[in-house]
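Visitor: Structure below; questions to follow.
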């Protein structure tokens, strides 16, 4: 019976933190993420002011992240990553109808928010079952963004291109599932701020133990 228990303990997935000598390891991974921004591309302008032009925008985008980390023990890890965040964008356009009766959008003004970022975070992890664990993030994000928005001067409209960078707090909560002793899937919800815009990320990752 003792031998069976020993084998079982040593064969549990590494993310479940089952054996003390298995709780220190490096890892790498890649993520797909959906980014949501509280962003306004026409500050100080009412949509009615630009009529007969129309305004359309997307405040979400799809991005990716690569990362590497080190698990110190069953409860604490450190992780660094590089992200290309999804682009939010807007379009101010006119509509015309061609000879076939199809409505065509003709872009007049357009822009968006593009961001690359480096991050460093601490991860607190806690096993729920042999395969399932939860975790919390706390760290910082060094971001570099290009932000284009529509501005009005007198009776004219023009695009303002604003390049900016900064450091923001990052927090998050997530859940993971160990597929094997060397691979796990995680799903996280993160909050940070990019270019004065509150940013919320839903991140799905695959992680490989080194």
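Visitor: Have a look at 165, 205 and point out the one that is at pLDDT 95 or above, surrounded by fewer than 13 Cβ atoms within 10 Å (Cβ to Cβ) and within 18 Å of residue 82 (Cβ to Cβ).
Guide: Within the list 165, 205, the selection yields 165.
Visitor: Looking at region 149-159, is at least one residue at pLDDT 95 or above and buried (at least 17 other Cβ atoms within 10 Å of the Cβ)?
Guide: Yes - at least one qualifying residue is present in region 149-159.
Visitor: Can you tell me how many residues within region 174-210 are in a loop (DSSP other than H, G, I, E, B) and farther than 23 Å from residue 41 by Cα?
Guide: The number of residues fulfilling the criteria is 5.
Visitor: Can you tell me how many residues within region 56-113 are under 30 Å from residue 28 (Cα atoms) and in a strand (DSSP E or B)?
Guide: Looking only at that region, the number is 23.
Visitor: Sticking with this one: Got a sec? Which of 88, 68 is surrounded by 14 or more Cβ atoms within 10 Å (Cβ to Cβ), modelled with pLDDT of 95 or more, in contact with a strand residue (DSSP E or B) (Cβ under 9 Å, 6 or more places away or on another chain) and under 29 Å from residue 178 (Cα atoms)?
Guide: It is 68.
The values are calculated or read from the model by the stated rules, or taken from the named source; none is laboratory data. Owing to the predicted nature of the structure, the values given are computational and were not obtained by experimental measurement. Here Cβ is always computed from backbone atoms with ideal geometry, including for glycine, and neighbour counts include all displayed protein chains.
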